[in-house]
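Everything below concerns the one structure shown next.
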Amino acid sequence: MTGFKVGVTALGLVVGMLLGGPAIAWKRGAVQVLAVLPDVTPGVQSSVEGLTVGRDGNIYVPTFGFNTHGAISGNAVLFVISPSGQLIRKVTIANSSPHILGLAFNPSTPKTDPKNLLVLDFGAGKVLAVDPATGSSSVFMTPTMTGSGLNALTFDKSGNVYVSDSFNGVIWKTGPTGGTPSVWSNDPLLGPGSGLTPPFGANGIEFSNDGTLMYVANTAFHQIIQIPVTASGAAGKAKVFITGINAPDGIMVDRDDNIWVCANQEDEIVVIDKTGKVIAKLGDFRGIGPNGIARGLLFPASPAFSNDGSWLYVSNLTLFLPFAGAQAAIDSAWTLQVSGYTVSRLRAKIPPVKDDKDDDEQ
């Protein structure tokens, strides 16, 4: 019994230390519904995953092709939304599948170029150059491996294009004008593993501000991977930068090299500094409103800063994972209760960490 008493005493000391110390709480901020998206066709809605901000300050989101009934058919649609949440236009993306993921404006092409928007056609396994005014498109890049899962894209300072392939565990690279890509990195840390949920390896990708590091979200393994960039622009040896984020999806790097991560199965934005320490957790899921619209975040997928850096826009994928062939997650049942799909916004501000006298708990 002596050993038992010692163990209880030690446990009591630990509990006492935990209870006696200051409890911290994340100041999560207010998440606003920027826009409830219109139907793709009359009576047919679609969730959205990809999101980017144009040089005009508008928000561009394409349809992912799933709703509360399952997959939809037909071409994908591009919604263009003003910073105040008004729908500016809706165009059909020509020659596309219903299932579009990441998109971004190519910084190496002139603003007047009618096809300077690159769109990842997940369903067809190709990158499209799209005219955001008309929806006309042409093929920009097609990966050289079958079974691709093109997910997110970014650019280096020379305008080269990098595309994550979640299923093959590859980062593809091509020049500013597209064409046949090369494998920039296929490190084993980029793969999706087996039997994991959501079943996506390399997902969101961004460079550090000086271009010497690439960060890659591995959704299936709940990790952020760091890949050094050599002087010649080649990929160095990848390593795990940080782990423990619940299904990291899209990412953004701010001017201070903090990494803003959509944790799509935790319904929050996790901000980590360049050492890997979490410095903020923003947003949360707060249920479904009487109008059938999710409050807060529900399966947040892609983030993008406003051009002045004051707002973070976030797409809410709101996907019932079994429709995509994956196991249900803890919030999957909620995704079937919505009556519309949304883009959210929150202040791009890192609040101070509060102790147990946080205003929200007084």
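Using a simple charge model, +1 on the beta-carbon of Lys and Arg, -1 on the beta-carbon of Asp and Glu, nothing else, what dipole does the stretch 104-249 show about its Cα centre, in debye to the nearest 20?
For this selection, approximately 160 debye.
Expected output is a single nm value to one decimal: the length gained when fully extending between ALA328 and LYS157, i.e. 0.36 nm times separation in residues minus the C-alpha distance. What is it?
Values: separation 171, 0.36 × 171 = 61.56 nm, distance 3.96 nm.
Here the segment from ALA328 to LYS157 would lengthen by 57.6 nm.
Given ALA328, THR142, LEU153, which one lies farthest toward the positive end of the charge dipole of the chain, if we put +1 on the Cβ of every Lys and Arg and -1 on the Cβ of every Asp and Glu?
Working it through, the farthest residue towards the positive pole turns out to be THR142.
Diagonalise the Cα gyration tensor of the stretch 122-251 and give the resulting equivalent ellipsoid semi-axes, square root of 5 times each eigenvalue, largest first, whole Å. Working shown, then result.
Working: eigenvalues 103, 66, 34 Å².
Listed largest to smallest, the semi-axes of the stretch 122-251 are 23, 18, 13 Å.
Given the options SER96, VAL119, LEU51, identify the residue whose Cα lies farthest towards the positive end of the charge dipole of the stretch 12-150 (+1 on Cβ of Lys, Arg; -1 on Cβ of Asp, Glu).
Towards the positive end, the residue furthest out is LEU51.
For the chain, what is the accessible area per residue in Å², given a 1.4 Å probe and the full set of protein chains?
Accessible area per residue: 43 Å².
For ARG295 paired with LYS349, estimate the spin-label separation in nm (one decimal), with each label point 7 Å from Cα along the Cα-to-Cβ line.
With each label point 7 Å from Cα toward Cβ, the separation is 2.2 nm.
How would you order 139-145, 265-271, 47-53 from highest to lowest mean count of nearby Cβ atoms within 10 Å? Don't jump to the answer; show the numbers that get you there.
Numbers: 139-145: 18.3, 265-271: 23.6, 47-53: 25.4.
Sorting 139-145, 265-271, 47-53 by mean packing, highest first, produces 47-53, 265-271, 139-145.
Quick one: how many lysine pairs does the stretch 218-362 have with C-alpha atoms less than 30 Å apart and a gap of 8 or more or different chains? Give me the count, please.
17
Ignoring ligands, DNA and RNA, please state the percent of accessible area on the stretch 178-325 from carbon and sulfur, probe 1.4 Å.
Working: 2760 of 5330 Å².
Heavy-atom surface of the stretch 178-325 belonging to carbon and sulfur, 1.4 Å probe: 52 percent.
Before anything else, pin down the relative contact order of the stretch 159-219: Cα pairs under 8 Å, at least 6 apart, normalised by residue count, whole percent.
Values: 129 pairs, mean separation 17.4, N = 61.
The normalised contact order for the stretch 159-219 reaches 29 percent.
Can you tell me the Rg and the Dmax, both Å, for the Cα atoms in the chain?
My reading of the Cα-based Rg and Dmax gives 21.0, 81 Å.
Select from ALA231, THR318, PRO199 the residue farthest towards the positive end of the dipole of the chain; place +1 on Cβ of Lys and Arg, -1 on Cβ of Asp and Glu, and compute about the Cα centre.
Comparing the listed Cα positions along the dipole, ALA231 ranks first.
For the chain, what proportion of DSSP beta bridges, expressed in % and rounded to the nearest 5, is antiparallel? Write down the numbers at each step before the final one.
Numbers: 85 of 85 bridges.
Of those bridges, close to 100 percent are antiparallel.
Quick check on packing: order 281-287, 314-320, 37-43 by the mean number of other C-beta atoms within 10 Å, highest mean leading. Spell out each step's value before the answer.
Values: 281-287: 18.3, 314-320: 26.9, 37-43: 13.4.
Per-residue Cβ counts within 10 Å, averaged per peptide and sorted highest first, yield 314-320, 281-287, 37-43.
Pairing the Cα long axis of helix 2-20 with the longest principal axis of the chain, what angle in degrees results, from 0 to 90 and rounded to the nearest 10?
60
Roughly to the nearest percent, how much of the accessible area of the stretch 102-158 is carbon and sulfur, given a 1.4 Å probe? Before the final figure, lay out the partial values.
Working: 1250 of 2230 Å².
C and S atoms contribute 56 percent here.
What order, most packed first, do the peptides 290-296, 203-209, 215-221 have when packing is the mean number of other Cβ atoms within 10 Å of each residue?
On the way: 290-296: 15.3, 203-209: 21.1, 215-221: 26.3.
Per-residue Cβ counts within 10 Å, averaged per peptide and sorted highest first, yield 215-221, 203-209, 290-296.
The values are calculated or read from the model by the stated rules, or taken from the named source; none is laboratory data. What you see is a predicted model, and the numbers here were worked out from it, not measured in a lab. With ideal geometry, Cβ positions are generated from the backbone for all residues, glycine too; neighbour counts draw on all protein chains shown. Note: accessible area is taken over every heavy atom of the protein model, side chains too, but ligands, DNA and RNA are not part of it. Shrake-Rupley method; radii C 1.70, N 1.55, O 1.52, S 1.80 Å.
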